[in-house]
RNA sequence: GCCGCGAUGGCGGAACUGGUAGACGCGCUGGACUUAAAAUCCAUUUCCAUUCAACCGGAGUGAGGGUUCGAUUCCCUCUCGCGGCACCA
């Protein structure tokens, strides 16, 4: 018997599986489908560390398990290679992003292959491949035609280091998520996608996602940030001006004692003539402008503001005159950029009113005395005319009716979600397939909503619009991408009228290519050179939705919202037939370094999987990472733990040295079948740590025996094969078969064999353990009572005591309750 | 501040719909093998008290309370930790 040589054996089987196309997706119609997907990585320059494969190992186990259970499984992998990280890396290392990306992909692929992951590499995708991004452009073009894309000049988030505009989702606490620079607000021409049109569905359909982790759903709800309320208009005395405000508490309008405008609010400048302290106001606004967003929202939330003297507003429900302020605690970008302040029932208004000695008028009563504290809870309306006596929810409804009936305001829903700023002034991204022609604009004949919305702009139907080569791909910082310098690319003959036209030079953001990539893998089932996704309907119907999607929680509010949005759009235009892309979603917990910190070059604590595979083997790495702890939890790496996993594999190997045709003991058979039952259930629920421990228990039991039954052993090998595929395949061959272990069927639990015929029954007195009895399965209470009558240990406790009650649970326990 | 998740030996963790808490792995300690070490194997390992030793006893799943014959598990209050959102009206 040879020794377990992991290096030789893993290399051998990886080559063999490749040669026999073992991992290729089975396109059969007689097996149920299962689509098991990882979040594809961006291939960074550093290569993989030992934490990255954890999720990939899990999906590999599930995929192999499902195949053994008779599913045809789609389990693909690809590369999210456009975007800032790839480009910044390329800039820093003075190579073309394409060259750097290709090199990084090669490294990643080599590392992943060494782990023995059963990806169908024939479906590999790369978001930077023109054959891929022509579809990214196609979807964008369809959105444009439907009027979901528009050109805008609003101030957007601008990263002064990356020299590009960013979406809200790209910010981390007011800083660029990539480089950590504080972002600025910069007015700029840009393309924006109306994701807010889908906000209601994105929120409502979260409830359908019953197989998603609650935390991620909650993050999405937070991010979407729906709030229901009303808008209403306040007229400014002695002028034609009005101020519109948004409130979620229309029931408290009678309690409004002043208005507050955001410093950027247009009314401030518009009413300059009426304001008597203009200098003071201007000074305040300038001071605020110099504060960053971060400072404005931080600083202990200390309120500041200035009254607009000379301006008075009229409360539309009671005609009361109230003063108007500017203050930076009101944000220009949310609601209408103006609020009515109800200091009695809003914490921020309360703070402001206290600081500037403004009147506080209570209009809701809830049992608690208003006194020194703000009261934000629901209650009953008071001092509110026709609302008096109504509970808060009814008062809200009644007030909205009143506002609408008298044209004072209307019901309104606000979202924190903003439309998606989709332009990047960078080189390394998908070109937008848009063309502008002045002549066509002047002619004003439009084919679709997008053209009507953006006169002169239309889609270049000749896809892909290829990313051209440039001399310098340094970002310019001017608001144009480096593509703007290539006049022969930018200036084209108008495809419509043949006149002078120009291409859009902004590129798409990082998230574009990843918003639909799971569809691309399924499209690979057929060849089709027609440029519409509708032609793929048949294979998309077959493979979608994704049954199991595994990845990091950091994508909860970015990728996962964008992908759900694109999917719903594709559903609306008839490309896919399901309204949600991912049926089940699971988070991977991080693997921390041995010192408990994140693995990072900075701490010099990174462990490279190549070394581990060299020293302990890919199978040991796989088993260890699954055994470390609950799958979704962060756990620190432990080299000793890894050694433990390897020892377990050695034990399995050693079992194969004592194979025999003799039957195993009844106990071993029982344990084997219990293990079969447990492992199936645990893989389904991603409880991989207990899968490993159950296998260890079985192997330990067998290790103590002199012989191991060959047939039973081969069942163990199948159970082991998703976790440790190389070792399992080798043992499968050694124990006597020629076809692959992965062509077998998953063992069935024989319930008859798994059943216990003896049970340990707990004897308790007043709920305390006093003894355990070994009994036949399903022994009746009378039998147990009889045994106990002659049991000294128990009788000692019962002697001279009055038994009040006896609780008997078959096969579990008997409990004597004493007085 | 709001929302979500969590807290079990020296460490990672296990425990089905409430029913023997600490499975499995690591580490520690002792022993076998060895000239020696590594590797391997065997044994011990929640804490306290007691004993030459064994049995026996008590406490124990972040803290306090409750429901129950019985609570790591269910309910209430609190503390701490992690994650998300955050002057969003």
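Rounded, prolate or oblate, given the Cα gyration tensor of chain A, with a/c below 1.5 counting as rounded? In terms of gyration-tensor shape, oblate.
The label-point distance for residue A:21 and residue A:485, in a model that sets each label 7 Å from Cα toward Cβ, rounds to 4.6 nm.
Put a dot 7 Å past the Cα of residue A:320, heading toward its Cβ, do the same for residue A:95, and the two dots end up 6.9 nm apart.
Cβ-Cβ distance of residue A:439 and residue A:197, R₀ of 25 Å, FRET efficiency by 1/(1 + (r/R0)^6): the value works out to about 0.20. For the peptides A:621-627, A:795-801, residues were scored by their other Cβ atoms within 10 Å and the scores averaged per peptide; the highest-first order is A:621-627, A:795-801.
What is the distance in Å between the Cα centres of region A:510-567 and region A:685-699? The two parts, judged by their Cα centres, are 33 Å apart. Of interest is the spacing of the C-alpha centroids, which for region A:1-75 and region A:227-291 amounts to 61 Å. Ordered by the count of other Cβ atoms within 10 Å of each Cβ, fewest first, A:555, A:6 give A:555, A:6. Note on residue A:302 and residue A:592: with the Förster distance fixed at 35 Å, the Cβ-Cβ geometry gives a FRET efficiency of about 0.40. Stretched out straight at 0.36 nm per residue, the stretch from residue A:110 to residue A:347 would grow longer than its current Cα-Cα span by 79.6 nm. The angle between the Cα long axis of helix A:618-627 and the main principal axis of chain A comes to about 70°, on a 0 to 90 degree scale.
Per-peptide packing, taken as the mean over residues of other Cβ atoms within 10 Å, places A:177-183, A:234-240 in the sequence A:177-183, A:234-240 from highest down. For the pair residue A:753 and residue A:527 in one chain, pulling the backbone fully straight at 0.36 nm per residue adds 76.4 nm over the alpha carbon distance. For region A:1-138, just say rounded, prolate or oblate: build the C-alpha gyration tensor, square-root its eigenvalues into a ≥ b ≥ c, call rounded for a/c under 1.5, and beyond that prolate if a/b exceeds b/c, oblate if not. It comes out oblate by the Cα gyration axes. Using a cutoff of 8 angstrom between alpha carbon atoms and counting only pairs six or more residues apart, the relative contact order for chain A works out to 14 percent.
For the peptides A:98-104, A:404-410, A:50-56, the ranking by packing is A:50-56, A:98-104, A:404-410, with the highest mean count of neighbouring Cβ atoms within 10 Å listed first. A full extension of the chain between residue A:471 and residue A:554 corresponds to an added length of 26.4 nm, given 0.36 nm per residue minus the alpha carbon distance. For region A:414-522, the relative contact order comes to 38 percent (Cα pairs under 8 Å, sequence separation of at least 6).
A Förster distance of 51 Å, applied to the separation of the beta-carbon atoms of residue A:638 and residue A:29, puts the FRET efficiency at 0.65. What is the distance in Å between the Cα centres of region A:611-655 and region A:96-144? Taking the Cα centre of each part, region A:611-655 and region A:96-144 sit 30 Å apart. Tell me whether region A:167-257 comes out rounded, prolate or oblate; compute the Cα gyration tensor, take square roots of the eigenvalues as a ≥ b ≥ c, and use a/c under 1.5 as the rounded threshold. Because a/c hits 1.5 or more and a/b fails to exceed b/c, region A:167-257 counts as oblate.
Arranged from fewest to most other beta-carbon atoms within 10 Å of their beta carbon, A:578, A:36, A:497 become A:497, A:578, A:36.
Since every read-out is calculated from the coordinates, none of them should be taken as a lab result. From a predicted model like this one, the values you see are computed outputs, not experimental measurements. All Cβ positions, even for glycine, are placed from backbone atoms using ideal geometry, and neighbour counts span all protein chains on display.
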